[in-house]
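Undergrad: Let me give you the structure first, and then I'll get to my questions.
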Amino acid sequence: MNLRSGRRQFLQAIAATTVASGTACQNRIDPTPSSSGGASSSGGASSSGGASSSGGASSSGGASSSRGGAGGTDGSASGTASQTTAGTSGSGGSGQPRLTSPLGVALLGLGKYASERLAPALQLTKHCRLKGIVTGTPSKIPTWQAQYGIEEKNVYSYDTMDALLDNPDIHVVYIVTPNHLHAQFAIAAARAKKHVWCEKPMAMTPEQCQSMIDACAENGVKLCIGYRLQHEPNTQTVIGYASARPFGAPQQVDALSGFNGFGPSDADVWRLKKIPGGGSLFDMGVYCINAARHALGEEPIRVSRARQWTERPNLFAEVDEWTEFELEFPSGAVASCRSSFGENIDSLNITCASGSYKLEPFQGYTGVRGAASDGTQFNQTIENQQARQMDDDALAIIEGRDVLVPGQEGQRDVRILLAVQQSAQTGQPVRLA
Ligand code: NAD
């Protein structure tokens, strides 16, 4: 798939729908064809992490109790608004029935982002609805059921999620766990023939990303990465400037992303641990990387000047509190990036041959805004970023279009994240193939 044409197709379709009013844009990122294929804080309640990933799933035609209790899911329609209709296209999956709006979404991983942002946003969406949950923490279930009216038959544990295969209420599983679990749960959801939405960063390695891309392709479902900002209109204006070039060629990007967080009571939080994919680079630096690539409209060829450090070694024994690095691009442009868990920073500046523009904040949940050196204001507003993102992705699935942020996009950033780590460890620049 060509991401440039996919993005253009996506944005044209969005412009023609009722969902978006963002500035249409396209960028010059033109990746190799089919390389095969968000501020936070603590939280960190742990639960079991064992994904079930059966190879294709059991399909009992009868009741399939999702968490071993009462209720049960059967393969027949249950009369909800999110039912499928007969047809052959529009689901994004070969041979799968056409889907109608609204899609049913199951959130997997009921932590801070799912409970404070995604579930509330799903009350605002037009084309998708919160219909199910997948959790390793049974004590959360009654609260979620009561708050969002989630039926017993739409409640799953990580060990029972292969039974999603038999559940026509659920069309999408949205993975919102710590980063090291994204791949296994995404693959399990794809094998249950559910479209997969997955939070950033997509996974821990490019190989994991590839296995997610492959699993979704093999099972005829779409994979969307939760880069909410690519759906945000002022960000889309800046992305559009990469090709429109109103101030000449972009030469320098400065991207800062971080928050001052964590204290002694957070010692067990996964964001401070290496294996789950913690650290400021993976959590916040990924915004800098994604923004730099799209603000310039090209792919970096080298990482240099990378360094990682902490000023609180007792707390940051395993992961970086700060990371700084530069990305070098084929045009000669350079992106200087910094991520942090120790300071509040949130800005994106682009300096061009004959002017400049910026977004500040550039990655906040609300209020993304900015201005250009000629006085142009980037001040479009939307009700809710996550609702926009999920409606965009749902509509693309329903209409059988390319999604705005497919798995290949997340994979590119993960490859760069690892190169930054390598460069910081060796003190040497790292070439990106
Ligand atoms: P969190 O710690 O608040 O929630 C994580 C959830 O995963 C919890 O419900 C926890 O019980 C569950 N979990 C399952 N297995 C676990 C394990 N082995 N260890 C710990 N928890 C486990 O985290 P969060 O802030 O909600 O972040 C979740 C994901 O969402 C991350 O990938 C993060 O990068 C992403 N996120 C994205 C944005 C954005 O703006 N796009 C913002 C915040 C978080």
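Just so you know, all these numbers are worked out from the coordinates, no wet-lab data involved. All values reported here derive from a predicted model rather than from experimental measurement. Positions of Cβ are backbone-derived with ideal geometry, glycine not excepted, and every protein chain shown enters the neighbour counts.
Undergrad: Would you mind ranking His127, His182, His231 so that the residue whose beta carbon has the fewest other beta carbons within 10 Å leads the list? Don't skip to the answer; put the middle values down first.
TA: Values: His127 23, His182 29, His231 26.
Fewest-to-most Cβ neighbours within 10 Å comes out as His127, His231, His182.
Undergrad: Less than 25 Å apart at the alpha-carbon level, and either on another chain or at least 8 residues along: which lysines does that give for Lys126?
TA: Those lysines meeting the cut-off are Lys112, Lys153, Lys193, Lys194, Lys200, Lys222.
Undergrad: How big is the gap, in Å, between the Cα center of the stretch 362-395 and the Cα center of the stretch 242-316?
TA: With the stretch 362-395 and the stretch 242-316 each reduced to a Cα centre, they are spaced 20 Å.
Undergrad: Binning at 5 angstrom from zero up to the longest distance, how are the C-alpha pair distances of the stretch 277-403 distributed in percent?
TA: Cα pair-distance distribution for the stretch 277-403, in percent: 2, 9, 15, 17, 18, 16, 13, 7, 2, 1, 0.
Undergrad: Also, quick follow-up: Please identify the GluC sites (Glu not before Pro) of the stretch 329-400 that satisfy two criteria: DSSP loop assignment and at most 12 other Cβ atoms within 10 Å. Which are they?
TA: Values: sites: Glu343, Glu383, Glu399; in loops: Glu343, Glu383, Glu399.
Filter output for the stretch 329-400: Glu383.
Undergrad: Given R₀ = 22 Å, FRET efficiency for Thr381-Ser347 by Cβ-Cβ distance, to 0.05?
TA: On the way: r = 19 Å, r/R0 = 0.86.
Once rounded, the FRET efficiency stands at 0.70.
Undergrad: Go through the stretch 124-183 and name the trypsin sites (Lys or Arg not before Pro) that are in a DSSP coil and have 15 or fewer other Cβ atoms within 10 Å of their Cβ. Numbers along the way, then the final one.
TA: Values: sites: Lys126, Arg129, Lys131, Lys140, Lys153; in loops: Lys126.
Answer by residue number: Lys126.
Undergrad: Moving to a separate point now. Relative contact order (percent) for the stretch 366-433, with alpha-carbon contacts under 8 angstrom and 6 or more residues of separation? Can you show the working numbers first?
TA: Values: 29 pairs, mean separation 9.8, N = 68.
14 percent.
Undergrad: Could you give the length gained on full extension between Thr100 and Glu116, defined as 0.36 nm per residue of separation minus the Cα-Cα distance, in nm?
TA: Values: separation 16, 0.36 × 16 = 5.76 nm, distance 2.71 nm.
Taking Thr100 through Glu116 to full extension adds about 3.0 nm, to one decimal.
Undergrad: Sticking with this one: May I ask you to compute the full-extension gain from Glu207 to Ile301, defined as 0.36 nm times their residue separation minus their alpha-carbon distance, rounded to one decimal in nm?
TA: That works out to 31.9 nm of additional length.
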